[in-house]
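Visitor: Attaching a single structure in structure tokens format; questions to follow.
The values are calculated or read from the model by the stated rules, or taken from the named source; none is laboratory data. Predicted model only: the values in this text are computed from it and were never measured. We place every Cβ from the backbone using ideal geometry, glycine too, and count neighbours over all the protein chains shown. Each accessible area value is taken on the protein alone, full model and side chains, heavy atoms only, with ligands, DNA and RNA left out. Shrake-Rupley method; radii C 1.70, N 1.55, O 1.52, S 1.80 Å.
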Amino acid sequence: TPTPLTKAFGELRKAGFWARQSFTCCNSCANYEVTQVVEKMSEAHLAARKGVVYYTRQGAASLREEGCAYLSYGPVDIEGVGEVGLPTDEAGKIIQSVLESNGVGTVWNGDPNECIEIKAC
């Protein structure tokens, strides 16, 4: 049976986000790899994207060990294309809503410069 967090990530993918759990090792690598993945998408696929949301393997370890992790989210800036996805604050509101509707606890003050914290569920 999928966890509430896994269900929420499935819904985020269906809603048009590039959503990944336990994605790569750390945020530095993840930021680079996300850009590489999104750059390879077709124009039609890019147009349908609302942005990205993910946590890394470090975040997954933190979730297991400490009961919380931080999500990276928002649009992706692609050279020659510009930003792909909704503005960060809009994406954050949708992401938080989907997480909470699936029973995943979150802490976020609506500031697009802040990560969304998720609580173990």
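Visitor: Go through the residues of region 54-74 one by one and say whether even a single one is polar (S, T, N, Q), touching a Cys at 6+ places or on another chain (Cβ under 8 Å) and either farther than 15 Å from GLN21 by Cβ or open to solvent by 60 Å² or more (accessible area, probe 1.4 Å) (or both).
Guide: Yes, because at least one residue in region 54-74 is polar (S, T, N, Q), touching a Cys at 6+ places or on another chain (Cβ under 8 Å) and either farther than 15 Å from GLN21 by Cβ or open to solvent by 60 Å² or more (accessible area, probe 1.4 Å) (or both).
Visitor: Moving to a separate point now. If the Cβ limit is 7 Å and pairs must be 6+ apart or interchain, which residue in region 41-64 that is on the phi > 0 side of the Ramachandran plot pairs with which residue that is open to solvent by less than 60 Å² (accessible area, probe 1.4 Å) and assigned to a loop (DSSP other than H, G, I, E, B)?
Guide: GLY51/PRO75; GLY51/GLY85; GLY51/LEU86
Visitor: Regarding GLY67, is this residue over 22 Å from THR106 (Cβ atoms) and not β-branched (Val, Ile, Thr)?
Guide: no
Visitor: Out of GLY85, GLY92, I need the residue that is touching a strand residue (DSSP E or B) at 6+ places or on another chain (Cβ under 7 Å), in contact (Cβ under 8 Å) with a residue 12 or more places away in the chain and open to solvent by 20 Å² or more (accessible area, probe 1.4 Å). Which one? It would help to see each step written out before you state the result.
Guide: Details: GLY92 fails: open to solvent by 20 Å² or more (accessible area, probe 1.4 Å).
Matching residue, one of GLY85, GLY92: GLY85.
Visitor: Here's something else I'd like to know. Please tell me if GLU43 is acidic (Asp, Glu) and more than 15 Å from SER72 (Cβ to Cβ).
Guide: Yes.
Visitor: For region 33-53, give me the residue count where each residue is open to solvent by less than 20 Å² (accessible area, probe 1.4 Å) and either of a type in the set (Val, Ile, Thr) or in contact with a Lys or Arg (Cβ under 8 Å, 6 or more places away or on another chain) (or both).
Guide: 4
Visitor: Only residues that are assigned to a strand (DSSP E or B), within 20 Å of MET41 (Cβ to Cβ) and in contact with a Gly (Cβ under 7 Å, 6 or more places away or on another chain): list them for region 63-94, please.
Guide: Filtering region 63-94 down to residues assigned to a strand (DSSP E or B) leaves 68-74, 76-78, 82-84.
Now restrict to residues that are within 20 Å of MET41 (Cβ to Cβ): 72-74, 76-78, 82-84.
Across region 63-94, the qualifying residues are TYR73, GLY74, VAL76.
Visitor: I'm told ALA30 meets every condition in (1) surrounded by fewer than 17 Cβ atoms within 10 Å (Cβ to Cβ); (2) farther than 15 Å from LEU86 by Cα except one. Can you identify the failing condition by its number?
Guide: Here ALA30 meets the rest and fails (1).
Visitor: Just the residues that are crowded, with 18+ Cβ neighbours inside 10 Å and over 14 Å from ALA91 (Cβ atoms), please, taken from region 12-26. Show your work before the answer.
Guide: Going residue by residue through region 12-26, those that are crowded, with 18+ Cβ neighbours inside 10 Å are 12, 17-21, 23.
If the condition is that a residue be crowded, with 18+ Cβ neighbours inside 10 Å and over 14 Å from ALA91 (Cβ atoms), then ARG20, GLN21, PHE23 are the ones that fit.
Visitor: So, in region 95-116, exactly how many residues are within 12 Å of the chain's Cα centre (by Cα) and open to solvent by less than 50 Å² (accessible area, probe 1.4 Å)? Reasoning before the result, please.
Guide: Filtering region 95-116 down to residues within 12 Å of the chain's Cα centre (by Cα) leaves 95-96, 98-99, 115-116.
Retained after the next criterion (residues that are open to solvent by less than 50 Å² (accessible area, probe 1.4 Å)): 95-96, 98-99, 116.
Adding up the residues that qualify gives 5.
One line per residue, one yes/no per condition, for (1) over 20 Å from GLU117 (Cα atoms); (2) within 15 Å of the chain's Cα centre (by Cα); (3) in a helix (DSSP H, G or I):
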site	(1), (2), (3)
ALA19	no, yes, no
SER22	no, yes, no
ASN31	no, yes, yes
VAL38	yes, yes, yes
MET41	yes, no, no
HIS45	yes, no, yes
GLY59	no, yes, yes
